[in-house]
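J.: I am attaching a structure below and will ask some questions about it afterwards.
Just so it is clear, none of the values below were taken in a lab; they were calculated from the coordinates. As the structure is a computational prediction, the values presented were derived from the model and not from experiment. Cβ sites come from the backbone with ideal geometry, for glycine too, and all protein chains shown count toward neighbours.
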Amino acid sequence: MTDLHRLSIREISEGLAAAKFSSRELTEHYLKRIAKIDPQVRSYVTVTNEVALAQADAADALRQAGQATALTGIPVAHKDIFCTQGIKTSAGSKMLDNFISPYDATVVAQGKTAGLVTLGKVNMDEFAMGSTSESSFYGATKNPWALDHVPGGSSGGSAAVVAADLAPFATGTDTGGSIRQPASFCGLTGLKPTYGRVSRYGIIAYASSLDQAGPMARSAEDCAYLMNVMAGHDAKDSTSMDKAVEDYVANLNATALKGLRIGIPKQYFNVAGLDAAVKARVEESLKKLEELGAVLVEIDLNMTESYVPTYYLIAPAEASSNLSRYDGVRYGYRAENPQDILDLYKRSRSEGFGAEVQRRILIGTYALSAGYYDAYYVKAQKVRRLIQQDFLKAFEQVDVIAAPTAPTTAYKIGASLDPVEMYLGDIYTIAVNLAGLPAISAPVGFDQDNLPVGLQLIGNYWSESQLLSVVHQYQQATDWHSKRAAIAEENA
Ligand code: GLN
């Protein structure tokens with residue numbers, strides 16, 4: 001078969017079960033495509049050829065023995081922020097360019113248990129700080145829809161591999177939008193689960209109270225398959241929730257669209273910088289949902305103006321603390337010929353971290369320093385609580401909240417965004433992390449340059465099933481999610 005990369009996860013699963021092809025054939029097919037196409041997209045930091053083929057053979061053997069699960073033998077790409085035993089885990093940084101993880105992140109281990117085959121590790125903004133994937137030590141990943149555009153970030157590699165058909169699905173992490181925004185920029189579906197639904201163990205920390213891992217794929221259905229693997233309690237992560245996991249695939253049609261109340265926050269549609277085409281596509285998608293039975297309800301989210309300042313205080317504060325472990329002593333990059341211990345710290349960190357990471361460390365240490373702590377950090381935590389309460393009040397009125405995922409479509413590579421401008425682009429995604437809520441982004445059309453637009457749906461706590469179900473039913477009635485990026489079409 002030559003079109004294995006065009007199959008959905010369900011189709012792959014059925015094909016493997018019916019012995020139409022083996023995991024070995026499927027994996028070789030993807031590895032060949034990666035070798036051919038990825039030099040243009042530049043999405044993989046590491047391709048794990050031998051590991052993948054060995055896992056594929058093991059998966060085929062399990063299947064022969066009648067021990068396969070629905071996902072046994074299906075390839076996956078992991079964001080290079082998930083620790084993978086024996087495989088380089090860089091977080092897109094020179095600091096960790098030489099780091100071979102001695103253990104697997106829980107998400108990776110769960111993938112192995114389910115029989116997933118690891119194709120490799122994919123590019124990202126350095127330490128997940130950014131919205132373009134340009135801040136990676138390994139250079140910029142390209143957007144498969146238009147190679148002179150960014151795929152978004154920080155999970156830009158995860159989005160690009162799926163959009164270019166270089167992996168059937170991928171893992172991502174989302175601290176302030178890093179699953180949803182690249183999904184939006186690359187015409188994919190991406191789910192940021194409730195904080196605590198997916199284990200953070202073995203995920204290189206950015207901002208621990210905001211970080212959450214989730215699936216990125218073409219459709220809600222494909223995401224549901226990966227969510228079934230990723231979700232669950234983990235004793236190794238004290239913030240992971242001991243709560244029964246739903247069967248996200250079985251629940252894909254469980255939410256009734258008829259009568260579903262979708263909140264439309266007034267403030268969100270009046271944001272300066274909201275692109276006209278993005279607004280139009282999002283409104284069209286809401287009309288479609290209305291046709292399918294949903295009821296649109298205008299709501300207020302009065303804290304909207306506080307999102308960016310609050311997030312860009314709390315996230316760098318936590319980052320500055322998390323990144324203090326990279327000192328040139330224990331692991332990671334070490335400067336040559338240090339004069340003394342201070343020189344070792346200073347130069348290892350100055351040479352090992354890129355500009356955006358250094359900027360965040362400076363903001364964070366400043367906000368946490370004695371004398372400023374109450375004025376900045378404590379205040380930001382109070383505002384964070386108000387933002388959460390704003391959402392909870394809204395959920396007394398509505399079932400889900402709709403928003404654009406990002407105010408624009410994908411930026412041009414190198415479009416010298418100044419940092420503050422880039423931070424403003426996170427307006428629709430970051431409040432969800434501050435509140436710990438789940439949210440999904442789904443493709444709903446294109447702008448005048450044929451770049452994808454994403455609709456975001458935000459749910460109440462633990463409503464992952466509901467979000468996936470709403471998007472699944474929208475995708476049954478539309479076909480935006482099955483459109484292929486230019487480079488995928490050229491290499492169909
Ligand atoms: N763009 C946001 C930031 O730079 C979000 C990144 C993320 O979710 N990891 O912090």
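J.: Based on alpha-carbon atoms only, what is the radius of gyration of segment 320-430 relative to the globular estimate 2.2 N^0.38 Å?
T.: Working: Rg = 19.5 Å, N = 111, 2.2 N^0.38 = 13.2 Å.
The value comes to 1.48.
J.: In whole Hz and in residue order, list the ³J(HN,Hα) couplings for segment 136-152 that follow from phi through the Karplus curve 6.51 cos²θ - 1.76 cosθ + 1.60, θ = phi - 60°; x for Gly and Pro.
T.: 3J(HN,Hα) across segment 136-152, in whole Hz: 5, 4, 8, x, 7, 7, 9, 7, x, 7, 7, 5, 8, 10, 7, x, x.
J.: Can I ask one more? For segment 232-313, what value does the Rg/Rh ratio take when both radii are computed over Cα atoms and Rh is the Kirkwood radius, given to two decimals?
T.: On the way: Rg = 17.9 Å, Rh = 16.4 Å.
Radius of gyration over Kirkwood radius for segment 232-313 works out to 1.09.
J.: To one decimal place, what orientation-averaged projected area in nm² is obtained for the convex hull of the Cα set of segment 12-140?
T.: With every direction weighted equally, the projected area is 8.0 nm².
J.: Between the DSSP loop rule and a limit of at most 12 other Cβ atoms within 10 Å, which GluC sites (Glu not before Pro) in segment 393-492 are left? Provide the component values of the computation, followed by the final result.
T.: Details: sites: E396, E421, E464, E489, E490; in loops: E396.
Listed in order of number, the matching sites are E396.
J.: Given H placed on each backbone N at 1.01 Å, which residues far from S219 in sequence or on other chains put an amide H within less than 5 Å of it?
T.: Residues meeting the criterion, in which the H sits 1.01 Å from N, are T189.
J.: What share of the DSSP beta bridges in the chain is antiparallel, in percent to the nearest 5?
T.: On the way: 29 of 42 bridges.
Antiparallel bridges make up about 70 percent of those DSSP assigns within the chain.
J.: Work out, step by step, the length gained on full extension between A375 and S238: first 0.36 nm times the residue separation, then minus their alpha carbon distance; give nm to one decimal.
T.: Stretched out fully, the A375 to S238 stretch lengthens by 46.4 nm.
J.: A further question on this structure: With a/c under 1.5 counting as rounded, go ahead and sort segment 104-173 into rounded, prolate or oblate using the C-alpha gyration tensor (a ≥ b ≥ c being the square roots of the eigenvalues; past the cut-off, prolate if a/b is larger than b/c, else oblate). Mind dumping the intermediate values first?
T.: Details: a/c = 2.82, a/b = 1.58, b/c = 1.79.
Oblate is the answer for segment 104-173, as a/c is 1.5 or above yet b/c matches or exceeds a/b.
J.: Under the classification rounded if a/c is under 1.5, otherwise prolate if a/b is larger than b/c and oblate if not, where does segment 88-209 fall, given a ≥ b ≥ c as square roots of the Cα gyration tensor eigenvalues? Provide the component values of the computation, followed by the final result.
T.: Values: a/c = 1.38, a/b = 1.25, b/c = 1.11.
Rounded.
J.: Moving to a separate point now. Starting from the Cα of Q64, step 7 Å along the direction of its Cβ; do the same at Q339; then give the gap between the two resulting points in nm.
T.: Taking the simple label geometry, Q64 and Q339 are separated by 6.5 nm.
J.: Quick query: amide H of T84 versus all other amide H atoms, modeled in the peptide plane; which residues come in under 5 Å with a sequence gap of 5 or more or a different chain?
T.: S101, A105
J.: Rounded to two decimals, what is Rg over Rh for segment 15-89 when you use alpha-carbon atoms and the Kirkwood radius? The partial results should precede the final answer.
T.: Numbers: Rg = 13.4 Å, Rh = 13.4 Å.
Answer for segment 15-89: 1.00.
J.: Let me ask you something else. Just to check I understand the Karplus step: with θ = phi - 60° and J = 6.51 cos²θ - 1.76 cosθ + 1.60, what whole-Hz values come out for segment 250-262, glycine and proline as x?
T.: 4, 8, 4, 10, 6, 8, 6, 6, 5, x, 4, 8, 9
J.: Using only DSSP helix segments of four residues or longer, with each worth -39500 (n - 2.57), what per-residue ellipticity at 222 nm results for the chain after dividing by its residue count and rounding to 500?
T.: Working: 16 runs with 183 residues, N = 492.
Helix-only estimate at 222 nm: -11500 deg cm²/dmol.
J.: Run through segment 330-386 and list the trypsin sites (Lys or Arg not before Pro) located in a DSSP loop whose Cβ has at most 11 other Cβ atoms within 10 Å. Write down the numbers at each step before the final one.
T.: Numbers: sites: R330, R334, K346, R347, R349, R359, R360, K379, K382, R384, R385; in loops: R330, R334.
Hits after loop and neighbour filter: R330.
J.: So, one more: Quick one: if you take sqrt(5λ) for each eigenvalue of the C-alpha gyration tensor of segment 179-265, what semi-axes come out, biggest first, whole angstrom? Show your work: numbers first, answer last.
T.: Numbers: eigenvalues 108, 57, 37 Å².
Taking √(5λ) for each Cα gyration eigenvalue gives 23, 17, 14 Å.
J.: Can you give the net charge of the other residues whose Cβ lies under 13 Å from the Cβ of V47, counting K and R as +1 and D and E as -1?
T.: Details: positive: K32, R33, K36, R42, K88, K121; negative: E28, D38, E50, D80.
Net local charge, V47 excluded: +2.
J.: Could you give the C-alpha radius of gyration of segment 374-416 expressed as a fraction of 2.2 N^0.38 Å, taking N as the number of residues it contains?
T.: Values: Rg = 16.3 Å, N = 43, 2.2 N^0.38 = 9.2 Å.
With N residues counted in segment 374-416, Rg over 2.2 N^0.38 Å equals 1.78.
J.: Rounded, prolate or oblate: pick one for segment 394-457, where a ≥ b ≥ c are the square roots of the eigenvalues of its C-alpha gyration tensor, a/c under 1.5 means rounded, and failing that, prolate if a/b is larger than b/c, else oblate. All intermediate terms of the calculation are to be shown ahead of the outcome.
T.: Working: a/c = 3.28, a/b = 1.47, b/c = 2.23.
Cα axes put segment 394-457 in the oblate bin.
J.: If you take the alpha carbon radius of gyration of segment 379-492 and divide it by 2.2 N^0.38 Å, what ratio comes out, to two decimals? Can you show the working numbers first?
T.: Numbers: Rg = 16.6 Å, N = 114, 2.2 N^0.38 = 13.3 Å.
Compared with the compact-globule rule of thumb, segment 379-492 sits at 1.25.
J.: Next up: Calculate how large, on average over all directions, the projected area of the Cα convex hull of the chain is; give the answer in nm² to one decimal.
T.: Values: hull surface 87.6 nm².
That works out to 21.9 nm².
J.: If you scale each eigenvalue of the Cα gyration tensor by 5 and take the root, what three semi-axes come out for segment 66-159, rounded to whole angstrom and sorted largest first?
T.: Numbers: eigenvalues 131, 59, 15 Å².
Value: 26, 17, 9 Å, ordered largest first.
J.: Taking K and R as +1 and D and E as -1, what net charge do the other residues with C-beta under 15 Å from the C-beta of D104 add up to?
T.: Working: positive: K79, K88, K112, K121, R200, K236; negative: D80, D234, D237.
Neighbourhood net charge equals +3.
J.: OK, next. With equal scatterers on the alpha carbons only and no solvent term, can you work out the Debye log10 of I(q)/I(0) for segment 242-378 at 0.11 1/Å?
T.: Reported log10 I(q)/I(0), two decimals: -0.75.
J.: Residue by residue through segment 443-449, which ³J(HN,Hα) values in whole Hz follow from phi under the Karplus form 6.51 cos²θ - 1.76 cosθ + 1.60 (θ = phi - 60°), with glycine and proline marked x?
T.: x, 9, x, 9, 8, 5, 9
J.: Can you tell me what share of the DSSP beta bridges in segment 10-128 is antiparallel? A percent to the nearest 5 is fine.
T.: Values: 5 of 10 bridges.
Approximately 50 percent, going by the DSSP bridge assignments.
J.: Are there GluC sites (Glu not before Pro) in segment 329-381 that DSSP marks as loop and that have at most 15 other Cβ atoms within 10 Å, and which are they?
T.: Details: sites: E336, E351, E356; in loops: E336.
Sparse-neighbourhood loop GluC sites (Glu not before Pro): E336.
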